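First comes the structure, then the notes that go with it.
The values are calculated or read from the model by the stated rules, or taken from the named source; none is laboratory data. This structure is a prediction, so every number in the text was calculated from the model and none was measured. Because the Cβ atoms are built from the backbone with ideal geometry, glycine has one as well, and the counts that use them run over all protein chains shown. With ligands, DNA and RNA removed, areas are computed over all heavy atoms of the protein, side chains included. Shrake-Rupley method; radii C 1.70, N 1.55, O 1.52, S 1.80 Å.
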Amino acid sequence: MIIAFLAFMALGLVAAVAPGAILGYAFVAMSGRLSRRVRVPLLLALATGSAAMWLVVVEASNIWRPVIVMLSFTATLVSGITSLVLEARRRRAPQFPTAVWPG
């Protein structure tokens, strides 16, 4: 019985986190031409909007409603910020190969 409960909890966690994570990554991938000053506030607005959509989907009497909203918001932000950091590292990568130490 407890294993079934934990399995349903894990499935619910994936269902709450996956859309936000995909949305955060897709936003960063699609907004490549915008500057970072514009992208970060837009990412925050997108995370807030995607979390607010869970308020419509989840029933008002559900006890897990605040947890689901926070998980979605956090997943969107973490995914988007991680993608932004990785993109910045790729852009700052050295353009010339490093010299090999003479052996």
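The table below gives the values:
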{"item": "Yes/no for Arg90 being open to solvent by 70 Å² or more (accessible area, probe 1.4 Å), over 21 Å from Leu11 (Cα atoms) and in a helix (DSSP H, G or I)", "result": "yes"}
{"item": "Checking Ala45 against (1) within 14 Å of the chain's Cα centre (by Cα); (2) open to solvent by less than 40 Å² (accessible area, probe 1.4 Å), the condition it does not meet", "result": "(2)"}
{"item": "All positions within region 14-64 that are in a helix (DSSP H, G or I) and basic (Lys, Arg)", "result": "Arg36, Arg37, Arg39"}
{"item": "Matching residues in region 26-37 - criterion: being hydrophobic (A, V, I, L, M, F, W, C) and open to solvent by less than 60 Å² (accessible area, probe 1.4 Å)", "result": "Ala26, Phe27, Val28"}
{"item": "Selection within region 70-82 - open to solvent by 50 Å² or more (accessible area, probe 1.4 Å) and either among the hydrophobic types (A, V, I, L, M, F, W, C) or outside any helix (DSSP H, G or I) (or both)", "result": "Met70, Leu71, Phe73, Val78, Ile81"}
{"item": "Answer from Val100, Val67, Val85 - the residue that is assigned to a helix (DSSP H, G or I), among the hydrophobic types (A, V, I, L, M, F, W, C) and more than 15 Å from Ala18 (Cα to Cα)", "result": "Val85"}
{"item": "Residue list for region 1-25, filter: farther than 16 Å from Trp54 by Cβ and either open to solvent by less than 90 Å² (accessible area, probe 1.4 Å) or among the charged types (D, E, K, R) (or both)", "result": "Ala4, Ala7, Met9, Ala10"}
{"item": "First in region 81-93 and over 14 Å from Ala29 (Cα atoms), second anywhere and open to solvent by 70 Å² or more (accessible area, probe 1.4 Å) and of a type outside the set (A, V, I, L, M, F, W, C), Cβ under 9 Å, 6 or more apart", "result": "none"}
{"item": "When residues of region 51-66 are limited to those that are among the hydrophobic types (A, V, I, L, M, F, W, C) and modelled with pLDDT under 90, the one surrounded by the most Cβ atoms within 10 Å (Cβ to Cβ)", "result": "Trp54"}
